[in-house]
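A.B. asks: Mind looking over this structure? Questions follow.
The values are calculated or read from the model by the stated rules, or taken from the named source; none is laboratory data. Because the structure is predicted, anything quoted here is derived from the model rather than measured. Note that we place each Cβ from the backbone using ideal geometry, even for glycine, and neighbour counts take in every protein chain shown. In case anyone asks, the SASA skips ligands and DNA or RNA and just uses the protein heavy atoms, side chains included. Shrake-Rupley method; radii C 1.70, N 1.55, O 1.52, S 1.80 Å.
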Amino acid sequence: MIRINNLTKRYGDTAALDRFCLKIERGIIFGLLGPNGAGKTTLISILNGLTRFQEGEVEIFNLPLRQNLRQIRKRCAFIPQSLAFYENLTVHENLRFFAGIQSITGRTLQDSLDRAISVNHLQPLINRQSATLSGGEKRRLNIAIGLLNNPDILYFDEPTIGIDPESRNDILNTIRTFKDDNKTVIYTSHYMEEIEKICDEVAIINHGKIIRQGKLKEMLQQEGSNSAIIELHKCGPTRLDRISKTVTGLRVLNPDTLLLSPQNSGVMAKLLTILEREDISVRQIRYQSLSLESLFINLTGQEQSDV
Amino acid sequence: MFRAMLKKEFLLIMRDRHALAALFIMPSVFILIMSMALKDTFSSDRAFINYVVIDQDRTAISMELATLLKKNRLLKEYQQHISSKKQLQQALNDDLTFAVTIAVGFSKSLGNENPAVPLTLNVASDVQQNVLRLFEGELTGILMKLRIKALLHKLEPALPGISAKTDARLLDQSSLIQVRFNDLQNSQFPTSTQQSVPSWIVFGMFFIIIPMSTIFISERRQNTLMRMNGMNISIPALFTGKIVPYMVINQIQVLLMVGVGIFIVPLLGAAPLTPGNSVTALLLVSTGLSLAAIGTSMLIAVSVNTVEQATTIGGILNILFGAIGGVMVPKFFMPPAMQSFSIVSPMSWGLEGFLDIFLRGLGPRAVVTESFALAGFGLLMLLLAWGIFARRTGKGL
């Protein structure tokens, strides 16, 4: 469905994407994770033909992107993070306008409008001026506009930002239904639990490169079974930082918690010896399955708020 | 696609009360106010020079001089009695402009080869030179008539009846001078409406800068343009979708303001607008002006980042174009250097075009230069806007 090979995009001397490779299969929900400046937005912009790239190959629907941009765009939709519609128009006028500029007419127009409205539960709001909608309703309209051309690929850039949990659940459920229609969804979000909830596959990007990619469940099992969280009685962060440098795979999660991943008996024994020598007492050691958030922090060294 | 874009743009404008006020109400109100305010400036019935005649001679000739001055509709006789030098000085310091003193013996000496008793003209210290020259001219004309009359009386014994034959013709100025305004019919004369309607049409048309650029910037900042770009909307299509509706809005403005000039202004006591004879010429100028205004709007819209910047720059540019181009102060009031400089403002070209149509009653041939200059200016601005926008689009808007 999407094949990216050695894609390089530079802004001056800085490489936003550096020989980036990725393959996304049809009919899955694919999560794109990475800290700010990792290259997520650049990647989505390139896939939508909104940003040019210097090197590499991008193929969508087995068609080279550069030569077939118009054709590819007709089968894709980009749902931006911002509410990209007209607040002074009603819901219906907005949908009619975006259908109109895509030359969707006649019977297809009615079908497209019906589908976009029903999937996003917009029927009761159809004649409301968009400015008067709630945050969640506006997000649903933003998504509905993306569905008008019945796309095969949908790019979502943080579609649930700033809305209440109920509306967020609604939207996530809607996105999950796209998979049943064999559509491919590329999804970026600040919320790890959303990615865990709806994505089949995930790529974690940092500094313009993929640092981990795969099926989410497999990735968490593989990384999580091999990790340990060590809770300590209070000690100074400076000492922990010093210790973390001496043990491979050890990270300081907070002033009294360490994460060891991957762990094995040899590394664990070494860590415990060092802690004893430093007179730091261990409160608890937990061997547990890793959350996506912990994995993300582990791999990128970033807190969630930086994503 | 264009239908959708046109409909969207109209709906957005129609729902923006501030934009509607700026585009339609503001210029209409300006036309009404300025037509009323300048009504007397263009009227020949307005007396605005105060004068008094102090007749010490008290003869038929001196009284005739006073009568002839009264006939001039630009002059207004001072109502307060002046009997002393002190009173005269006080009056000249107040609102009296000229005092003509006819000394004893003036009438007698008038027919002499070298009159021994001249008129004395006292002038207020703040009088403008052109007003002084005007009054002097009027006074000289009257003196010449009276002097010729006096000389004819002297010739009466030699040529009986000559005074009676010449009198009527001497006093009838219209038989000597016929005033014709350039390019107007004999019965036509310029009015404040003929001057102010073209000015405020031009100014109002350029006011689309503000709604047009603010809508465009909002679209850009909300990523609506990026979304449209992702839907295969090209820059030419996007620009055309903007240009066409605003051209229609500009034409509606012209119709509305001409209508105000013809139908509403006379209700308030000013002269109605005479719309000229050529719809084609009107279309040429208004289309050229529209392109110039739209081009300027698009250039501002793609160059700045915020709505606040667009409204500030758009407002300043509009007022500057208007002030330089003769919208706020008619060009004939400007000194020659300013009149030459006014050519830098596209509003000046549009104004000249409209004045050709409304004031001078000319047709398409007379306005073709202004129209093409305006269209060229507009296209150049659009081209620049396209270049800047294409660069920004390449960088992800």
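A.B. asks: Please state the relative contact order of segment B:238-291 as a whole percent: Cα pairs under 8 Å, 6+ residues apart? Numbers along the way, then the final one.
C.D. replies: Values: 22 pairs, mean separation 24.0, N = 54.
It rounds to 44 percent for segment B:238-291.
A.B. asks: Return the Cα extents of segment A:81-182 along principal axes one, two and three, sorted largest first, each rounded to a whole Å.
C.D. replies: The principal-axis extents, from largest down, are 38, 34, 22 Å.
A.B. asks: Explain nothing, just the number: relative contact order of segment B:49-175, from Cα pairs under 8 Å at least 6 residues apart, as a whole percent. Can you show the working numbers first?
C.D. replies: On the way: 137 pairs, mean separation 31.7, N = 127.
The normalised contact order for segment B:49-175 reaches 25 percent.
A.B. asks: In whole Å and largest first, what semi-axes does the C-alpha gyration tensor of chain B yield when each eigenvalue is scaled by 5 and square-rooted?
C.D. replies: Values for chain B, descending: 61, 21, 17 Å.
A.B. asks: Run the reach check for A:Lys9 against aspartates and glutamates, Cα to Cα strictly under 18 Å, same-chain hits fewer than 8 apart removed. What comes back?
C.D. replies: By straight Cα distance, A:Lys9 reaches A:Asp18, A:Glu55, A:Glu57, A:Glu59.
A.B. asks: Same structure, new question: Return the FRET efficiency for the residue pair B:Leu379, A:Lys270: r is the Cβ-Cβ distance, R0 is 60 Å, and the value is rounded to the nearest 0.05.
C.D. replies: Working from the Cβ atoms, E equals 0.20.
A.B. asks: Compute the acute angle (0 to 90°) between the alpha-carbon long axis of helix B:279-303 and the principal axis of greatest extent of the alpha-carbon atoms of chain B; round to the nearest 10°.
C.D. replies: The angle comes out at about 60 degrees.
A.B. asks: For peptide B:265-277, how many partner chain Cβ atoms fall within 10 Å of a residue's Cβ, on average? All intermediate terms of the calculation are to be shown ahead of the outcome.
C.D. replies: Numbers: counts 0, 0, 0, 0, 0, 0, 0, 0, 0, 0, 0, 0, 0.
Taking all residues of B:265-277 together, the mean is 0.
A.B. asks: So what is the orientation-averaged projected area of segment B:49-175, using the convex hull of its C-alpha atoms, in nm²?
C.D. replies: So the mean shadow area of the Cα hull is 8.5 nm².
A.B. asks: Using 0.36 nm per residue, how much length does the chain from B:Leu74 to B:Arg3 gain when fully extended, once their Cα-Cα distance is taken away?
C.D. replies: This chain segment gains 19.7 nm when fully extended.
A.B. asks: Next question, about the same structure. To the nearest 20 debye, what is the magnitude of the charge dipole of segment A:226-288 about its Cα centre, counting +1 on the Cβ of each Lys and Arg and -1 on the Cβ of each Asp and Glu?
C.D. replies: It works out to roughly 100 debye.
A.B. asks: Compare B:Trp349, B:Trp200 by solvent-accessible area with a 1.4 Å probe and give them largest first, with all protein chains kept in place.
C.D. replies: B:Trp349, B:Trp200
A.B. asks: Give me the Å³ per residue figure for the convex hull around the C-alpha atoms of chain A. All intermediate terms of the calculation are to be shown ahead of the outcome.
C.D. replies: On the way: hull volume 47.4 nm³, N = 307.
Spelled out: Cα convex hull of chain A, divided by residues, is 154 Å³.
A.B. asks: In addition: Could you work out the Rg to Rh ratio of segment A:226-288, with Rh taken as the Kirkwood radius (inverse of the mean 1/r over all Cα pairs)?
C.D. replies: Rounded to two decimals, Rg/Rh equals 0.90.
A.B. asks: Only Cα pairs under 8 Å and at least 6 apart count here; give the relative contact order of chain A as a rounded whole percent. Before the final figure, lay out each step's value.
C.D. replies: Working: 546 pairs, mean separation 63.8, N = 307.
Relative CO of chain A lands at 21 percent.
A.B. asks: Compute, for B:Lys154, the solvent-accessible surface of its heavy atoms (probe 1.4 Å) with the complete set of protein chains present, and express it in square angstrom to the nearest 10.
C.D. replies: Surface accessible to solvent at B:Lys154 totals approximately 120 Å².
A.B. asks: Still on this model: Among the lysines, which have Cα under 21 Å from the Cα of A:Lys138 when same-chain residues fewer than 8 positions away are ignored?
C.D. replies: Partners found: B:Lys8.
A.B. asks: Semi-axes of the equivalent ellipsoid of the protein assembly as shown: what are they in whole Å, largest first, if each equals the square root of 5 times a C-alpha gyration tensor eigenvalue?
C.D. replies: For the protein assembly as shown, the semi-axes come out at 86, 29, 20 Å.
A.B. asks: Anything over 24 Å Cα to Cα? Flag those among B:Lys86/B:Lys149; A:Lys40/A:Lys74; A:Lys245/A:Lys270, in the order listed.
C.D. replies: Working: B:Lys86/B:Lys149 35 Å; A:Lys40/A:Lys74 22 Å; A:Lys245/A:Lys270 13 Å.
Correct reply: B:Lys86/B:Lys149.
A.B. asks: Beyond 13 Å, what share of the Cα-Cα pairs of segment A:69-125 is found? Please give it as a whole percent.
C.D. replies: Tail fraction, whole percent: 68.
A.B. asks: Can you give the mean number of other chain Cβ atoms that lie within 10 Å of the Cβ atoms in peptide A:80-91?
C.D. replies: Rounded to a whole number, the mean comes out at 5.
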